[in-house]
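The structure under discussion appears below in the form of structure tokens.
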Protein chains: 2
Amino acid sequence: MTLNAADAPFAAHLSGLLPEGVLRPVEPRYLTEPRGRWQGQAGVLALPRTVDDVATLVRAANQWRVPVLPYGGGTGLVGGQVMPDGPAPLVVSLERMNRIRAVHPEENVLVAEAGCILADIQAAAAKADRLFPLSLAAEGSCRIGGNLSTNAGGVNVLRYGNTRDLCLGLEAVLPSGQVWHGLSRLRKDNTGYDLRNLLIGAEGTLGIITAAALKLSPVPGSIGTAMLSVSSPKAALELLSLSRAQVGEAVSAFELIHRQGLEFLTEVLPTVRQPFETPPEWCVLIELGLSGDGEASEALEHLFETALSAGLADDGVIAQSEAQRYELWTVREHLPEANRLIGSVSSHDVSLPLSAIPDFIKRAAAAVAEIGPFRINNFGHLGDGNLHYNVFPPKGHSRTEFAAVAGRVQRAVHDLVHALDGSVSAEHGIGRLKADDLIRYGDPVKLAAMRAIKTALDPVGIMNPGAVLRT
Amino acid sequence: MTLNAADAPFAAHLSGLLPEGVLRPVEPRYLTEPRGRWQGQAGVLALPRTVDDVATLVRAANQWRVPVLPYGGGTGLVGGQVMPDGPAPLVVSLERMNRIRAVHPEENVLVAEAGCILADIQAAAAKADRLFPLSLAAEGSCRIGGNLSTNAGGVNVLRYGNTRDLCLGLEAVLPSGQVWHGLSRLRKDNTGYDLRNLLIGAEGTLGIITAAALKLSPVPGSIGTAMLSVSSPKAALELLSLSRAQVGEAVSAFELIHRQGLEFLTEVLPTVRQPFETPPEWCVLIELGLSGDGEASEALEHLFETALSAGLADDGVIAQSEAQRYELWTVREHLPEANRLIGSVSSHDVSLPLSAIPDFIKRAAAAVAEIGPFRINNFGHLGDGNLHYNVFPPKGHSRTEFAAVAGRVQRAVHDLVHALDGSVSAEHGIGRLKADDLIRYGDPVKLAAMRAIKTALDPVGIMNPGAVLRT
């Protein structure tokens, strides 16, 4: 169906419907995304304050057949938040809907508007002596509506699940402009189809999430962090099993780091203090959070000893203070920034069945080596089977020299992931970057069902056209 | 759209398409349901062995516009498994698709066909030294396809979630007869809309689940069970908070029991041994499962002592052996049977925000008392805010005497649940029993979206017509 640009007459129409201050001049920051792959466009920019404002905007866009681009923190890595072609959209930024509507510590529930910055939600939970466990690099600027729309992952998925698992209910404006009042705080509610999970991860193509009821958790009484060197990814997986056998769900993070990542830090971020004098080929960052009287550092020492005697680990550091914990996490959290500074030829957010990971790492390295003399920084959330598999030019060379083969590298990695029953988008989503991958690797029956659902809920096709499903 | 009965010509057509033994004479057991509210009908009964058989059946039904009724273990409590009116359906029982296709202990994954009995899946997990935590009264006869289609709950939801939370991937036949191959074993996979969760809980109205990849958990090293008497539901909720503060996720069950239930046991199941000499007004059954070296009975003793000194509990039994654990659970698990023998006027599977529960209990009792001198057996999964709120005739009277006011009782209870932001179907689903409630209490925008999705995926309307959505 043909869409129209959000032009001056449309803006004039909107201004008659909305309170002052909702429509704003378009600023350049709404037209870029972190990886600099696309230049967005915007016909009209709206900063609604209420769900009714959002409903008014979407209803009008529906009548005028104008594309709508929901905008959160702008930190997405797959281009879901920019519309580089087609008629210029109405950009709806949720940033002024940033109220924590309610905190129910006794129910472990917090109700937040979509524009709340993730770190602010974490802080509001902490103030009520609770934990909101979603944690990722962009937490200081990403907004919960975007986290929900992309079903964001992060470092605590192993214990607490993806964003989907942290959401009890939603308020959302559907493509018709109608408001779904679904802010349930219930743990069990089997009344009909799961509209909540349909909107979560739909990347703004089925509606605009305006608020969410989020699950909180008790704050662990004792948190411990360690970095252990392991002989191989297989040993890392065995260590994961061992740690879960010893402390169960208390393992909240289990991050794999390759030597290449530590060497990148030395190369471009030398002020980041590293725990090992000689970087091991593989190491893991483990975090435990124990309830009650348990001492996490003791549990980690016990784990370390068992791992040493089982030959799974050969060196390690257990944080003895909050400062040391912070230092270990600083290493992990600067890996993406080091990658950015080095400049990747191709980067991949993939997941695999846990048992396929050692095989994948071996075969992917071989496949990539066939294309060129690349450096590989492979790290990620091993506990979830999620690897950030990034391919870099050899030292002294720039990514631009390999631009011509970047597509081949990506294809080789994704083909292998697919062959091993993995996913080519573990936690970042599809956006515009992977819309073709979805067609190539996705199940055709699922894809047809997705298209049918999209058409049913958004017959005019106004919601974030071109994201997820190619138009 | 008009549907046709599954008649002899249709059966003849099917028999040419399917291996021998798939089509069977209709037996009466497929036409009843546990509460005896409906008498089902069936034109043709099919017992497919493979997903391809199922696809053939659904494709043919689609062409002939014949309704399809997926059939699992037949244990559902809301009539989703019987079709009492309209053209006689093709009943598709998954009972011969009962193979455990794979167990991946190192990934904590088990792949089961839809016809597997829940207890068999539990046993297969146990054989691999893992836990499949879904547990409910019907586990000896319900089948996992039905558990998934109704998003079944049970006694371990507090720790492990509903069936939805235990599923990583699905294989399913959509209403078109196409097979969705979505048996992912991945913990993270953000490639498009969440078709999995849309089919889970859809009660067979959007397709037939034929297999699932299920999440396993480590078996806790030490399990402990206690029954503590508490002074009020509010005290029970405070005890829940206390227990989670002390042992975190290790609390796997937290069941509320009212004196009425214990008295019913004495009345109709006197051989069930009860732990208290004088039944307390309220008590809770708590189960903990600790990993590693922790001793669950010690943790329960610690909890009991703290609860006693805080005035939250005043008496209790901590199981000292497996036999005692079994005894405590026997009390809990015979409550539904006792209810059945007494015969309820009206029974309700409701959930509420945790903090609303004390208020609900008080106000519901008052509302019910206005209608008649009823006995109330209110018990359930307090940790999930899920109460089985059942209303019975006074002693010496039969339910039939109160048949005329049963509707008023139900309405009073459901109206109050709705007013307190609760759900009128916590874990049993909508089926046919609550299709009107869904219209009365459901969000109209969600309902419209559900209808649009149903029409998009099942334009002819063959899948379980009349369940969930009124036709």
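The values are calculated or read from the model by the stated rules, or taken from the named source; none is laboratory data. Being a predicted model, the structure only gives us computed values, none of them experimental. Note: ideal-geometry Cβ built from the backbone for every residue, glycine included; neighbour counts use all protein chains shown.
A few comments on the model shown:
- Of all the criteria given as (1) over 26 Å from the mean Cα position of the chain (by Cα); (2) in contact (Cβ under 8 Å) with a residue 24 or more places away in the chain, the one not satisfied by B:Arg399 is (1).
- Where helices (runs of 4 or more DSSP H) sit wholly within segment A:78-194, none has at least 3 residues that are free of Cβ contacts under 8 Å to residues at least 24 places away in the same chain, in the same structural domain as A:Ser423 (by TED's automatic domain parsing) and not small (Gly, Ala, Ser).
- Single condition A:Thr271 does not satisfy, out of (1) hydroxyl-bearing (Ser, Thr, Tyr); (2) outside any strand (DSSP E or B); (3) closer than 30 Å to A:Pro105 by Cα: (3)
- Test: residue in segment B:333-348 that is among the β-branched types (Val, Ile, Thr) and under 23 Å from the mean Cα position of the chain (by Cα): yes
- Test: residue in segment A:304-312 that is outside the structural domain of A:Ser232 (by TED's automatic domain parsing), out of contact with any His (no Cβ under 9 Å at 6 or more places or on another chain) and at pLDDT 95 or above: no
- Filtering B:Ala245, B:Ala236, B:Ala296 for residues that are more than 17 Å from B:Asn377 (Cβ to Cβ) and touching a residue at least 24 places away in the same chain (Cβ under 8 Å) leaves a single hit, B:Ala296.
- Given (1) over 28 Å from the mean Cα position of the chain (by Cα); (2) hydrophobic (A, V, I, L, M, F, W, C); (3) within 14 Å of another protein chain (Cβ to nearest Cβ), number of the condition A:Leu288 does not satisfy: (1)
- Meets criteria (in contact (Cβ under 8 Å) with a residue 12 or more places away in the chain and in a loop (DSSP other than H, G, I, E, B)) for B:Thr75: yes
- Boolean, A:Ala299 is touching a helix residue (DSSP H, G or I) at 6+ places or on another chain (Cβ under 8 Å), part of a helix (DSSP H, G or I) and more than 14 Å from every other protein chain (Cβ to nearest Cβ): no
Residue-by-condition table, conditions (1) surrounded by 21 or more Cβ atoms within 10 Å (Cβ to Cβ); (2) over 20 Å from the mean Cα position of the chain (by Cα); (3) within 30 Å of B:Lys127 (Cα to Cα):
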| site | (1), (2), (3) |
| --- | --- |
| B:Trp180 | yes, yes, yes |
| B:Leu206 | yes, no, no |
| B:Ala212 | yes, no, yes |
| B:Pro218 | no, yes, yes |
| B:Leu242 | no, yes, no |
| B:Leu262 | yes, yes, no |
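- Residue match in segment A:422-431 (condition: within 10 Å of chain B (Cβ to nearest Cβ), touching a Pro at 6+ places or on another chain (Cβ under 8 Å), touching a residue at least 60 places away in the same chain (Cβ under 8 Å) and surrounded by fewer than 24 Cβ atoms within 10 Å (Cβ to Cβ)): no
- Restricting segment B:173-194 to residues that are at the interface with chain A (Cβ under 9 Å from one of its Cβ atoms) and hydrophobic (A, V, I, L, M, F, W, C), the residue that is farthest from A:Ile200 (Cα to Cα): B:Val179
- Residues in segment A:360-377 that are under 18 Å from A:Ala419 (Cβ atoms) and either assigned by TED's automatic domain parsing to the domain that holds A:Gln260 or among the charged types (D, E, K, R) (or both): A:Lys362, A:Arg363, A:Glu370.
- Yes/no for B:Pro70 being of a type outside the set (A, V, I, L, M), crowded, with 24+ Cβ neighbours inside 10 Å and part of a strand (DSSP E or B): yes
- Residue within segment B:121-129 that is within 14 Å of chain A (Cβ to nearest Cβ) and either of a type in the set (A, V, I, L, M) or more than 26 Å from A:Pro444 (Cβ to Cβ) (or both) present: yes
- Hey, A:Asn390 within 17 Å of the chain's Cα centre (by Cα), within 14 Å of A:Val345 (Cα to Cα), of a type in the set (S, T, N, Q) and away from chain B (no Cβ under 14 Å) or not: yes
- Exactly one residue among B:Gly145, B:Gly140 is within 30 Å of B:Leu335 (Cα to Cα), surrounded by 24 or more Cβ atoms within 10 Å (Cβ to Cβ) and modelled with pLDDT of 95 or more, and that residue is B:Gly145.
- Search result, residues across segment B:379-410 that are surrounded by 23 or more Cβ atoms within 10 Å (Cβ to Cβ) and either in contact with a Phe, Trp or Tyr (Cβ under 6 Å, 6 or more places away or on another chain) or in the same structural domain as B:Leu242 (by TED's automatic domain parsing) (or both): B:Leu382, B:Gly383, B:Val391
- Selection within segment A:19-46 - part of a loop (DSSP other than H, G, I, E, B) and surrounded by 19 or more Cβ atoms within 10 Å (Cβ to Cβ): A:Val22, A:Glu33, A:Gly40, A:Gln41, A:Ala42, A:Gly43
- Residues that are touching a His at 6+ places or on another chain (Cβ under 7 Å) and surrounded by 15 or more Cβ atoms within 10 Å (Cβ to Cβ) occur in segment A:440-458; there is at least one.
- Selection within segment A:411-421 - surrounded by 17 or more Cβ atoms within 10 Å (Cβ to Cβ) and among the hydrophobic types (A, V, I, L, M, F, W, C): A:Ala412, A:Val413, A:Leu416, A:Val417, A:Leu420
- Residues of segment B:162-186 classified as of a type in the set (Lys, Arg) and in contact with a strand residue (DSSP E or B) (Cβ under 7 Å, 6 or more places away or on another chain), total: 1
- Selection over segment B:195-220 of residues that are modelled with pLDDT under 95, in a loop (DSSP other than H, G, I, E, B) and facing chain A (nearest Cβ under 8 Å) gives a count of 1.
- Which numbered condition A:Pro280 misses (of (1) outside any loop (DSSP other than H, G, I, E, B); (2) free of Cβ contacts under 8 Å to residues at least 60 places away in the same chain): (1)
- Those residues of segment A:24-54 which are of a type in the set (A, V, I, L, M) and over 21 Å from A:Arg99 (Cβ atoms), in sequence order: A:Val26, A:Leu31, A:Ala42, A:Val44
- A:Pro9 being free of Cβ contacts under 8 Å to residues at least 40 places away in the same chain, outside any helix (DSSP H, G or I) and out of contact with any strand residue (DSSP E or B) (no Cβ under 6 Å at 6 or more places or on another chain): no
- From the list B:Ala448, B:Ala404, B:Ala456, B:Ala419, the one residue that fits, being within 18 Å of B:Ser347 (Cβ to Cβ) and modelled with pLDDT of 95 or more, is B:Ala404.
- Close pairs (7 angstrom Cβ cut-off, 6 or more residues apart or separate chains): over 25 Å from A:Arg408 (Cβ atoms) in segment A:322-346, of a type in the set (Gly, Ala, Ser) anywhere: A:Arg325/A:Ala319; A:Leu328/A:Ala319; A:Glu333/A:Ala137
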